[in-house]
Amino acid sequence: MENKKLMESNLSVFYKVDIVVIGAGQAGLSAAYYLKKAGLTSGKGFVVLDDEFGAGGAWQHRWDTLTLQNVNGINDLPGMSFSDAVNTAEKALQANVALPQYYEKYEKTFELPIIRPVKVIEVTERNGRFLIRTNGAQFSARGIINATGTWKTPYCPKYPGWERFKGKQLHTGDYKSAEEFAGKQVIVVGGGISAVQLLGEISKVAKTTWVTRRPPDFRNYEFNPELGREAVAMVDQRVREGLPPNSVVSVTGLPITPAIEWMLEKGILERKPMFKEYTETGVRWEDGTTVDADIVFWNTGFRHSLDHLTPLHLVNEQGGVPMSGQLATQVASDPRIHLTGYGPSASTIGANRAGRAAARELIATLSL
């Protein structure tokens, strides 16, 4: 009821709180949990603004064939295990069903002050406070934990001739099922885990060509927390130096699973280097080789959703944000701003710890 009143309020009024958390994915929920645990009051001490219509963060938008069995790791949120909310024995359960179910129970159990759907349009600074302008209620805060992640900003590079290509271009974020590719000629671009998984699905119903910028990095190991921590450390170093972060997954390589073994045997993973340009009917490589395509399917990742923070001038000339703090969540130039889901915390591996570090460090900075 209190949240509804805020949404219906006069938009010229700024509601004063100590901290605004932007985003209710894993990092945002983790931060909210620790803020509340530290004694900050809901709705006055802090609020969480989320632009989704329901709980689940980016998980609710994943494709139906991504199940608990093939998702690359699910980390428990602090204070409640995943198995407390979901029957983990049911391996075929869809991730876009199970994770939102878990998040919803988590939000209700800990009575987190989440206002949704609210889209943050712009964050500015005035008289030592941040003004958070949204499409609903407006807020004024002393500190910010930005946990918007990457899902809303897909990256799809435009190669020469893209405008004359008569086929369709899709991104990972558009994927629903392999059926929409049935009977088509499909060029799958990207060397990450999602690209390989979706390539395998699509190859069963369509003719596929796999294209990557670099040779695929297959590794004969089983993904585990230790390898994840090593990957996080590498990305952590980059953001502390103010460099644009690489994805955590990009440094873990591709573990050879039974599914990948099958694809290798079938020749599905015979990779081609990146093409030079589009033609009207497909693509062309440097040596003049061409391939026709009905669809070019980009699995080239996402960029961090930071456009609403542009007025704060956080991004440097290299395209990165110099970070500091225990887990590199603190903006080096302004410790009142924390970015979780950025750099080393842009995965379930780092999101929980990042939320805790951001909450604790921001509380200390603001002397709350």
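The values are calculated or read from the model by the stated rules, or taken from the named source; none is laboratory data. None of the values given here were measured: they were computed from a predicted structure. Glycine also receives a Cβ, built like all others from the backbone with ideal geometry; neighbour counts cover every protein chain displayed.
Tabulated results
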read-out	value
Single residue of segment 141-155 satisfying the filter (at pLDDT below 90 and either touching a Leu at 6+ places or on another chain (Cβ under 9 Å) or among the aromatic types (Phe, Trp, Tyr) (or both)) that is farthest from residue 20 (Cα to Cα)	155
Members of segment 77-106 that are surrounded by 14 or more Cβ atoms within 10 Å (Cβ to Cβ) and among the basic types (Lys, Arg)	105
Enumeration of residues in segment 161-210 that are under 19 Å from residue 285 (Cβ atoms), among the aliphatic types (A, V, I, L, M) and out of contact with any helix residue (DSSP H, G or I) (no Cβ under 8 Å at 6 or more places or on another chain)	187
Condition check for residue 191: of a type outside the set (Lys, Arg), surrounded by 15 or more Cβ atoms within 10 Å (Cβ to Cβ) and in a loop (DSSP other than H, G, I, E, B)	yes
Any chance residue 31 is among the hydrophobic types (A, V, I, L, M, F, W, C), at pLDDT 90 or above and assigned to a loop (DSSP other than H, G, I, E, B)	no
Some residue of segment 212-228 being more than 19 Å from residue 283 (Cβ to Cβ), under 24 Å from the mean Cα position of the chain (by Cα), surrounded by 18 or more Cβ atoms within 10 Å (Cβ to Cβ) and not hydroxyl-bearing (Ser, Thr, Tyr)	yes
Residue in segment 202-211 that is in a helix (DSSP H, G or I), closer than 30 Å to residue 351 by Cα, of a type in the set (Gly, Ala, Ser) and in the same structural domain as residue 276 (by TED's automatic domain parsing) present	no
Residue that is surrounded by the most Cβ atoms within 10 Å (Cβ to Cβ), among those in segment 310-356 that are of a type in the set (Gly, Ala, Ser) and over 19 Å from the mean Cα position of the chain (by Cα)	325
Among the candidates 39, 56, 28, residue that is within 15 Å of the chain's Cα centre (by Cα) and closer than 14 Å to residue 362 by Cβ	28
Residue 110 vs. criteria surrounded by fewer than 22 Cβ atoms within 10 Å (Cβ to Cβ) and within 22 Å of residue 350 (Cα to Cα)	yes
Matching strands (runs of 3 or more DSSP E) fully within segment 273-368 where at least 3 residues are over 25 Å from residue 234 (Cα atoms)	282-284, 290-292, 295-298
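Residues checked against (1) free of Cβ contacts under 8 Å to residues at least 12 places away in the same chain; (2) of a type in the set (A, V, I, L, M, F, W, C); (3) over 21 Å from residue 307 (Cβ atoms); (4) surrounded by fewer than 17 Cβ atoms within 10 Å (Cβ to Cβ):
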{"residue": "153", "(1), (2), (3), (4)": "no, no, no, yes"}
{"residue": "159", "(1), (2), (3), (4)": "no, no, yes, yes"}
{"residue": "169", "(1), (2), (3), (4)": "no, no, yes, no"}
{"residue": "176", "(1), (2), (3), (4)": "no, no, yes, yes"}
{"residue": "201", "(1), (2), (3), (4)": "no, no, yes, no"}
